[in-house]
Every structure is written in C-alpha cells, then in structure tokens.
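The structure appears right after this line, and notes come after that.
Values in this text are rule-based calculations from the coordinates and carry no lab data. Small disclaimer: the values here were computed from a predicted structure and weren't measured. Cβ placement follows ideal geometry from the backbone for every residue including glycine, while neighbour counts extend to all protein chains displayed.
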Amino acid sequence: MTNRKTYSSIRSDILSRYPSGHTPAGVSVDDIVQLRMQNTYDTHLDIARDMAGVMRADMAAYDADPSKFTQSLGCWSGFHAQQMIKAVKRMRGTAKGTYVYLSGWMVAGLRNRWGHLPDQSMHEKTAVADLIQEIYVSLRQADEVALNDLFRELKKAGSEDERARIIDRIDNFESHVVPIIADIDAGFGNEHATYLLAKELIKAGACALQIENQASDAKQCGHQDGKVTVPREDFIEKLRACRLAFEELGVEDGVIVARTDSLGAGLTQKVPVSQQPGDLASQYIKWLKTEQITKDNPIREGELAIFQGGEFVRPMRLPNGLFPFRENTGRARVIEDCIASLTQGGADLLWIETDTPNVDQIASMVAEIRKEVPNAKLTYNNSPSFNWTLNLRKQVRAEWVRDQKIPENDYPDGIELMKADYDDTDLGREADARLQRFQTDIAARAGVFHNLITLPTFHLTAKSVDELSRGYFGEEKMLAYVKTVQREEIRRGISAVKHQHEVGSDLGDSFKEMVAGERALKAGGHANTMNQFAAE
C-alpha cells in the first residue's frame with residue numbers, strides 16, 4: 001500500500017481535531033483510527049495505480065533474476081480470489097509475486113446474466129468490470145477482518161510493550177490486495193469500444209489488461225478452432241486504446257499484455273492496404289494462401305487479386321468471405337505479431353497461445369522475438385485445455401526413443417499413456433518431475449514472467465462438488481462432509497472453517513461497540529457456535 005500512514009501518525013492527526021479523545025457525538029478517536037486503517041484503499045482506481053507499480057517492480061526483479069517469476073490462478077468470484085491469497089499468505093507469510101487472473105472464459109461460462117456461454121464474447125461486457133469490482137471488494141474485506149482482529153488484540157493488551165508489538169503488526173500489515181490481470185477478450189468491438197471498456201475495467205481496479213488479436217465479431221476461445229485474426233495495424237490501434245485509457249485515468253504504469261492467437265489461427269477477415277513494401281500490411285498479406293491467375297484459372301468478376309512476388313495472384317476465399325493463411329505459417333506470424341505489438345503497439349508483455357505445453361517450442365519463438373526486442377517478456381497460459389499428463393508423457397517418451405534410452409515398443413504411443421498403470425513407472429515419474437519444474441523452466445528459458453492457469457477454480461469447483469456429492473448422497477452421508485471438508489479445514493488452519501468470522505461477523509460486532517457501547521447487540525457471545533473452533 002503506497003504511502004500508507006502509520007497508526008501513530010493517523011492518531012495524531014485525529015487527536016489534533018478532537019483533543020479530548022472523542023468527537024462531540026462521543027465517538028472514540030481510537031475507533032476512528034481503526035476504521036481509517038481497515039479501509040486500506042479509498043477507491044479501486046487507487047488500487048489500479050498502486051498495483052501497476054507492484055507489477056512494474058516485479059517485472060524489473062524478473063529481468064534481473066528469472067527465478068523471480070510471478071503466478072496467478074484464474075478466479076471466477078471474489079471469494080475464490082480471497083481464499084487463494086489467504087492460502088498463499090498462510091503458506092509463505094506473504095502474497096508478493098501472487099496475482100489474480102480474471103478469465104474472460106470464466107466470465108462467459110459462469111458470471112454473466114445470459115447463462116453458461118462459450119468463450120466467444122457473447123456475454124454482456126459489463127460482467128467483466130463487475131467481477132473485478134467484486135474481487136477487490138472481497139480482498140479489501142479480508143483486510144478489514146484481519147485488521148479488526150489485530151485491533152481487538154490491541155484493546156486487550158495488558159502492557160505498553162505488548163501494545164507496541166501489536167501496533168507494529170498493524171503498521172506492517174500486508175494487504176490481501178494484489179494485481180489483477182484482466183481479460184478484455186478482443187475488445188468487444190472497435191477501438192473506441194475497446195477504450196470505453198478498458199476505462200471501466202481500470203476504474204474497477206485492473207492494473208493490467210490482456211487483449212488478443214482476434215476479430216471481435218468472430219472471437220473464439222484460444223483453444224478452439226475457427227480463430228480469425230485481424231491485421232496488425234488494427235490490433236495496434238486497440239493496444240493504443242488501452243494505453244490511452246490508462247493514461248486518462250492516471251494509471252501511468254498500467255500494464256498491457258498483447259496476446260497473439262496466430263499459432264492456431266488460420267483465417268483473417270480482411271486484406272489490409274499496403275502503403276509501401278515491408279510495412280505491417282504487406283508483412284501480414286504475404287502469408288495469405290493464394291493461387292496463380294492463369295489462362296486456365298482466370299480472374300472472375302467480383303474476385304480479388306493482389307500483386308505479390310512480381311505477379312498478380314488471387315487470395316483464396318472461403319464461402320463466408322474469410323481468407324485462409326498458408327499452412328504451417330503460424331509460428332512465423334506469431335513472431336511478427338509479437339515484435340509489432342512491442343515495438344509499435346507499446347505492449348509491455350506478450351501472450352502466445354499454444355496448443356500444447358512445450359518449453360522448447362515457446363523458448364524457440366521467444367529467442368526469435370528477442371533478436372529484435374531483447375527484454376521481451378511473456379505471460380503464459382498453463383491451460384487446463386491441455387491434457388498435461390498425456391502431453392508430458394508423450395514428450396518424455398519421444399525424447400527417450402530419440403536418444404535410444406528405451407526401445408520404440410517400451411511404452412505405448414497414444415492415449416494409453418494416461419492409464420494409472422504408468423503413474424509409478426520411470427516415464428510417469430519423469431513426466432511428473434517435468435510438470436513440477438515446468439513453470440521454473442519456462443521462466444528461465446522462455447522469458448515467461450507470469451505463469452497462470454486460466455480455469456482452475458472452474459475445474460476445482462466441479463471436482464470438489466462431485467466428490468462431496470458422491471459421498472453425501474451415497475453411503476457416507478454426514479461423514480462425507482466432515483471428512484472431505486470440515487476436518488481438512490481445521491487441520492490445515494483454513495480460516496473459512498469459522499464461516500461467521502470469515503464474512504465479517506466480528507467486524508460487525510466491533511462496529512456496534514463503536515456506536516452503541518454496552519448497548520451493542522453482538523453476535524459473538526458465548527452462544528455463538530463458532531466458539532467450537534476457537535482453539536483451532
């Protein structure tokens with residue numbers, strides 16, 4: 001929290017207004033101090049400004065030491081984000097280097113008013129800003145609850161030394177608020193629509209916007225077929241729209257993540273106009289699938305021809321009017337996309353959407369990009385769309401066969417490798433070891449500053465509810481809940497086991513005491529069943 005005032009400075013400021021220690025209405029100065037400190041941010045735009053600085057500092061740290069990469073999980077509710085940050089703080093003692101990823105896929109699939117929808121920008125665009133707002137409300141409430149606990153300790157402190165130790169913990173409290181990388185899809189329209197939506201996401205608290213080079217009206221999930229990219233100058237205009245939104249709102253360090261889907265996108269919507277040889281348009285056009293115009297294959301009325309390689313050729317065109325690219329050109333187009341986004345679009349980070357998790361593949365593309373932009377950095381999608389077990393086992397098998405470590409018939413080559421039979425084999429163990437170090441490897445070798453998983457809380461929720469339902473509605477009944485949920489919460493020290501406290505019951509009691517004193521009707525008395533967990 002930038003320029004956060006200390007307990008003593010806030011108390012001195014308020015005492016200068018109310019030297020008696022109370023307001024004319026009888027409100028205690030100490031209570032005002034508590035509320036001021038619990039309100040860790042005044043607005044979510046303040047959060048965007050602060051978190052942009054956090055990201056910039058993290059990017060500089062990564063440039064100096066690639067082992068200092070950052071991570072996030074995609075969260076589809078404020079509660080998911082809150083519990084993720086609490087878990088990290090409980091484990092590491094800090095949430096530094098941890099972000100929240102806000103997935104457009106999960107907004108479409110789970111968080112819009114039009115039902116469960118595919119990732120095609122069909123949902124109402126306001127749902128994206130609403131979720132950012134919700135996440136930061138939840139993270140700020142986690143601050144309030146934690147600080148309220150510290151102030152309750154302070155009121156019970158028996159000595160000045162004990163008070164000083166608690167005040168030091170209050171002054172050095174680390175907020176649960178962390179950066180959000182927000183998915184703006186392809187901008188939900190033209191460059192002006194992109195700018196307007198970007199402003200709403202930033203005002204909701206987003207310090208980083210991720211935008212992709214697909215056509216807005218033909219948007220597809222990055223791991224589905226039928227993706228249509230836009231000419232690079234069109235994409236650059238949307239990158240500029242995002243930058244202008246940041247600048248207008250005073251978020252000068254705002255981060256733009258330029259995503260390219262060209263590796264798996266074989267179509268474009270339009271042929272851009274080239275003004276001179278070698279410009280962005282001509283670089284884009286050169287990859288189009290074309291056919292020669294000959295006497296036997298003449299140009300027809302209404303068809304398009306372009307001059308290329310010293311002759312007129314006809315771009316292939318599908319019945320829907322889209323133009324296909326030549327096969328096996330995706331890698332080259334990705335490299336050109338990334339260089340243009342960084343050098344002409346002012347992007348800060350890249351995102352290369354891939355079809356498999358392969359460190360060598362990403363590293364080779366980044367090596368090409370870094371010939372032009374030496375400090376190019378990536379955000380990488382460790383996607384649940386990959387069958388990680390199968391992919392890594394196949395990679396290990398292919399490598400071992402190539403290096404003659406195993407004969408060709410030692411392991412099956414296909415879906416059979418998924419079988420549990422191979423979990424405790426040399427190949428299974430090696431694949432798992434590579435999974436464990438995948439993010440470390442890709443950070444060191446492929447310039448990946450930020451590793452994320454887009455949809456983990458979607459899959460985790462489905463799995464956890466399935467697990468509980470099978471037992472509860474099956475033979476185990478109540479044991480299923482206690483064994484799979486509550487007992488684990490208690491033993492792991494998950495604060496949500498005391499669910500009343502988690503959602504602010506004690507926070508409410510503290511406020512009632514502030515305004516009503518002994519008349520306060522509090523929820524946290526001896527009859528509160530949460531006391532059963534007090535010792536945990």
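Let me check I've understood the local charge: for Gly447, count other residues with C-beta under 14 angstrom from its C-beta, Lys and Arg +1, Asp and Glu -1. What total comes out?
Values: positive: Lys68, Arg370, Lys371, Lys377, Arg445; negative: Asp63, Asp65, Asp348, Asp360, Glu368, Glu372, Asp441.
Net charge in that neighbourhood comes out at -2.
Remark: segment 1-135 carries a charge dipole of roughly 320 debye about the Cα centre, counting +1 on each Lys and Arg Cβ and -1 on each Asp and Glu Cβ.
Counting only alpha carbon atoms, the long axis of helix 29-38 and the longest principal axis of the chain meet at about 20°.
In percent, what relative contact order does segment 84-230 have, based on Cα pairs under 8 Å that are 6 or more apart in sequence? Each step should come with its number before you reach the end.
On the way: 189 pairs, mean separation 39.2, N = 147.
Relative contact order, segment 84-230: 27 percent.
For Lys289, a cut-off of 18 angstrom between C-alpha atoms picks up these lysines, skipping any fewer than 8 places away in its own chain: Lys227, Lys270.
Counting only lysines at least 8 places from Lys463 when in the same chain, those with an alpha carbon closer than 22 Å to its own are Lys86, Lys419, Lys477, Lys483. Please go through segment 327-383 and write out the GluC sites (Glu not before Pro) that DSSP classes as loop and that have at most 15 other C-beta atoms within 10 Å. Those that pass, being in a loop and sparsely packed, are Glu327, Glu372.
The chymotrypsin sites (Phe, Trp or Tyr not before Pro) found in segment 279-340 include none that occupy coil by DSSP while having at most 11 further C-beta atoms within 10 Å.
Taking the chain as the reference, fit the longest principal axis to its C-alpha atoms, fit the long axis of helix 191-203 to the helix C-alpha atoms, and give the angle between the two in degrees, 0 to 90, nearest 10. For helix 191-203, the angle is close to 20 degrees. The lysines within cross-link reach of Lys377, meaning a Cα-to-Cα straight distance under 23 Å and a gap of 8 or more places when in the same chain, are Lys68, Lys96, Lys238.
The spread of Cα positions in segment 178-312, taken along each principal axis and listed from longest to shortest, comes to 63, 33, 23 Å. Here the sum of -39500 (n - 2.57) over DSSP H runs of 4 or more residues, divided by the residues of the chain, equals -14500 deg cm²/dmol at 222 nm, to the nearest 500.
Between the Cα long axis of helix 330-343 and the first principal axis of the chain there is an angle of about 60°, rounded to the nearest 10.
Relative contact order for the chain: what is it in percent, counting Cα pairs under 8 Å that are at least 6 residues apart? Walk me through the numbers before you get to the answer.
Details: 843 pairs, mean separation 78.9, N = 536.
15 percent.
If you take every DSSP beta bridge whose two residues both sit in the chain, what share of them, in percent to the nearest 5, is antiparallel?
Working: 11 of 41 bridges.
Counting only bridges with both partners in the chain, antiparallel ones make up about 25 percent.
I'd like to know how segment 471-531 sits against the 2.2 N^0.38 Å rule of thumb: what's its Cα Rg over that expected value? Output field value: 1.53. Note on the chain: with charges restricted to the Cβ of Lys and Arg (+1) and Asp and Glu (-1), its dipole about the Cα centre is near 540 debye. Farthest toward the positive end of the dipole of segment 1-99, out of Leu45, Ser12, Ala61, is the Cα of Ala61, where the dipole comes from beta carbon charges about the Cα centre. When each of the peptides 265-273, 511-519 is scored by how many other beta carbons lie within 10 Å of its residues on average, the order from highest to lowest is 265-273, 511-519. Based on C-alpha pairs under 8 angstrom that are at least 6 apart in sequence, segment 182-334 has a relative contact order of 22 percent. Binning the alpha carbon pair distances of segment 155-197 at 10 angstrom intervals from zero yields the distribution 22, 21, 15, 13, 15, 13, 1, expressed in whole percent.
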